[in-house]
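> Here's a structure for you.
The values are calculated or read from the model by the stated rules, or taken from the named source; none is laboratory data. These figures come from a predicted structure and were not determined experimentally. Here the Cβ positions follow ideal geometry from the backbone for every residue, glycine too, while neighbour counts run over all protein chains shown.
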Amino acid sequence: MYSSDFATFMKWQRRECANIFNVFFQDTNIITEECIQKELVFLSDLFGLSTPDISFGSDAPLQVELPSSSKDSTTRIKCNICKLQECGFNNKEAVVACLCHELSHIYSLGQSYGYCENEHWEAELYADFMASAIMTMLNAAGGKYRYIIGNGIATRTHPYGEIRQRFAMAGRKFALSMSKGATINLEDIEGEYLLFLLTNTKEINTYLQEHKSEINHAFDSNESLEIDYMKYQDTNLIKQYLLKQKI
Amino acid sequence: MINKFKLINHPVSYTSNEKIGVIHAVGAEQSAVKQMKEALSLMDSSKMLFPYRINAEDNNLEDFNRGLYVYVTNILTKEVYLAKAICDDKVLASDMAKFIVSIEIDLKRLLAHNIRCLAVNSPELCSKLLTSIYVPRQNDDICIEHDYSTQTALGVVPASSIALENSNEFLLVSKLVLGDEASEDNLIENFISLCNAIYNKDGDPEKLKMAEKIVEKLLKNMCSTSEAKMVNFVRERSEDRMFFKNFVYECLDPEQLATKAQVTIYVKKKMKDEAVSKNQGHYRFFTEKGGVHKPLKFGRELSNVYMLMYLIDHVKQPNRKQPINLKVNIEEFKRLYYDLFNGIRDAKDINHIVKEYFHRQDKSGNFRSGRKSEYLDAIRKTMQEQFEEYNESYLPYIMTGSTHLHVPIDKIVFEDDIKEALLGYNFI
């Protein structure tokens, strides 16, 4: 076996492996603006959406800006390539998965099923399921994407990485059960997502309660920690403030 | 995969409570039924409107198309619906999930509509209940946003209840726009005048712009509704019979609402120089409240005939509560149709239209339900839109599959030229 073939085989082997080593050190590409634009056009067609405007330079790695008023009906996607790569979306396929996730949000805009008590969580799980199923059907690697979402912390808008990963895996499992070369039918994926959501509602809501109690606990706890501010640099604003107060 | 989903209003007497929530999966394979049962056992029934279960015994009913069927109820009004989803391929467990979600979305929408009826018709009662249904956004981290425009606020949104909740803010804004007319004593009237002024751009543009911004902000804060909370609210009180009795009596009972009806319906003959309308024929409908006349146009030509028939019959027999049986009155109905569309539509059309009214037949010879519901829907939709602008309930002004009109007969006016001819029709 030639070494290049062996490298390709190894790459194929680890395409679905979700671990930190593979994500950050293997199969990395340089991502360009043109590449993202090209993929966005392809994926928008797949979703049957008009291609959103994309601008580069934002605080978040990738974010969707929805139409703000009836006059301005353009959807915009803001992207920061450096931050994307820092997160681990450092090759073409991982970026495609990420774009797929954001486009799923646009595709399901205004749709809320109300089974999960937090609608934002429901929307994220939907996007993860969709992205993962579509990636599998496109025969693209999803390991990096699943690793990154699986390590996310729970917030008001994003569920625990553990649940997200489970939904992504379910999406992949469904796509694998489809016959090879089958056309991507978003309605089928949506139906399967609903089935998975309905059968897992109890668990998601338990996680949500856990998250809420964590937040409440964080606010309720009276333990005060003393900060050793002297160890910070002189430019640190907290240190400057505390020194000023002391004087 | 589901290719058609429909929620059909069903006569209550035909359905016992035991049948509610039983899903019939017609044409589903045994393995799919097993999957459905497993999925249903894992679902959280507390988050759903009904405890759904699957009926595997008669899933091969030959009279039905392949798909899913279930009887459900509106938990507030207790109306029964038949939900059906026709599948073009195999019936799968994922279809069932989609089916359940579609039913619940539609029923929740109906519930939300009922609650809005409550708000429009009984603002004081609604205001008391609002704290548990509508939640200010800043205190609610799990809410679905509904951004209602000022225009919508005129009719549908619990607009007047919002005025009561935010009395200080609204008084300030009302005084800004309406001047001395605004008084503390009648906040609801103030609010409606204010919305009218904003909508009709009647006043100083700068002040109106400022007022619109404030009103929209307050509406947004107030109307960030959690549908889940709304449904929970209704479910929690579903045992409170007095509440529902009052609710249905005050807000949804057409007879009760008819006593407060203020809109008059006029039927006039087309002006000589007016353009010919293929849908409206020779007569025109108008509504009037407070001196404002608005034309009433139904989208379907048979809706116009149907409405006219009911109006004539209601004037002649005001105490009649049962709907008109069209099969018995078919000749009289055809005569009315000829009168309305004489010279505009071909006389042959009516036979085909009447035939399709009861049932239709597709190319392969299968019978499908008729267009009656479409005509009734067209009437309901048009009435609803128009009456929202008047801030009035449309329920006494419409007929359903099982009820007649309830509007007082002095609110129906036929133009003198045509009155005699119209009252010459007799419907049994």
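> Does the stretch B:389-396 include one or more residues that are in contact (Cβ under 8 Å) with a residue 40 or more places away in the chain, in contact with a strand residue (DSSP E or B) (Cβ under 6 Å, 6 or more places away or on another chain) and not assigned by TED's automatic domain parsing to the domain that holds B:ASN9? It would help to see each step written out before you state the result.
Keep residues of the stretch B:389-396 that are in contact (Cβ under 8 Å) with a residue 40 or more places away in the chain, which gives B:389-393, B:395-396.
From the residues that got through so far, the ones that are in contact with a strand residue (DSSP E or B) (Cβ under 6 Å, 6 or more places away or on another chain) too are B:390.
Among the residues that remain, those that are also not assigned by TED's automatic domain parsing to the domain that holds B:ASN9 are: B:390.
Yes; the residues of the stretch B:389-396 include at least one that is in contact (Cβ under 8 Å) with a residue 40 or more places away in the chain, in contact with a strand residue (DSSP E or B) (Cβ under 6 Å, 6 or more places away or on another chain) and not assigned by TED's automatic domain parsing to the domain that holds B:ASN9.
> State which residue is surrounded by the most Cβ atoms within 10 Å (Cβ to Cβ) when the search covers only the stretch A:93-139 and only residues that are within 14 Å of chain B (Cβ to nearest Cβ) and at positive phi.
My answer is A:GLY114.
> Quick one: in the stretch A:167-211, of everything that is β-branched (Val, Ile, Thr) and surrounded by fewer than 19 Cβ atoms within 10 Å (Cβ to Cβ), which residue is farthest from B:ALA85 (Cα to Cα)? Don't jump to the end; show me each part of the working.
Applying the first criterion (β-branched (Val, Ile, Thr)) to the stretch A:167-211 yields A:183-184, A:189, A:199, A:201, A:204, A:206.
Filter once more, keeping what is surrounded by fewer than 19 Cβ atoms within 10 Å (Cβ to Cβ): A:183-184, A:206.
On the way: A:THR183: 23, A:ILE184: 22, A:THR206: 32 Å.
My answer is A:THR206.
> Another question, then. For B:LYS321, indicate whether it is farther than 21 Å from B:ASP417 by Cβ and in contact (Cβ under 8 Å) with a residue 40 or more places away in the chain.
Details: farther than 21 Å from B:ASP417 by Cβ: yes; in contact (Cβ under 8 Å) with a residue 40 or more places away in the chain: yes.
Criteria met by B:LYS321.
> For the stretch A:53-100, how many residues are of a type in the set (Ser, Thr, Tyr) and at pLDDT 85 or above?
The number of residues fulfilling the criteria is 1.
> Condition first: within 9 Å of chain A (Cβ to nearest Cβ) and either modelled with pLDDT under 80 or farther than 14 Å from B:VAL26 by Cα (or both). Now tell me which residues in the stretch B:68-105 satisfy that.
Those that are within 9 Å of chain A (Cβ to nearest Cβ) and either modelled with pLDDT under 80 or farther than 14 Å from B:VAL26 by Cα (or both): B:SER94, B:ALA97, B:LYS98, B:ILE100, B:VAL101, B:GLU104, B:ILE105.
> Going through the stretch B:351-391 one residue at a time, which ones are among the hydroxyl-bearing types (Ser, Thr, Tyr) and farther than 25 Å from B:LYS297 by Cβ?
Going residue by residue through the stretch B:351-391, those that are among the hydroxyl-bearing types (Ser, Thr, Tyr) are B:357, B:364, B:369, B:373, B:375, B:382, B:390.
B:SER364, B:SER369 - these are the residues of the stretch B:351-391 that are among the hydroxyl-bearing types (Ser, Thr, Tyr) and farther than 25 Å from B:LYS297 by Cβ.
> Starting from residues that are in contact (Cβ under 8 Å) with a residue 40 or more places away in the chain and of a type in the set (Ser, Thr, Tyr), keep the ones in the stretch A:178-209 and report whichever is nearest to the other protein chains (Cβ to nearest Cβ).
A:THR201
> Note down all Cβ pairs under 7 Å where the first residue falls in the stretch B:289-312 and is in the same structural domain as B:SER393 (by TED's automatic domain parsing) and buried (at least 18 other Cβ atoms within 10 Å of the Cβ), the second is of a type in the set (Val, Ile, Thr) and assigned to a strand (DSSP E or B), and they're at least six residues apart or on different chains.
B:LEU296/B:THR287; B:LEU308/B:VAL267; B:LEU311/B:ILE265; B:LEU311/B:VAL267; B:LEU311/B:ILE412
> Please list, ordered by residue number, the strands (runs of 3 or more DSSP E) wholly in the stretch B:321-417 having 1 or more residues that are surrounded by 18 or more Cβ atoms within 10 Å (Cβ to Cβ). It would help to see each step written out before you state the result.
Details: elements: B:359-361, B:367-369, B:412-414.
Filter on the stretch B:321-417 gives B:412-414.
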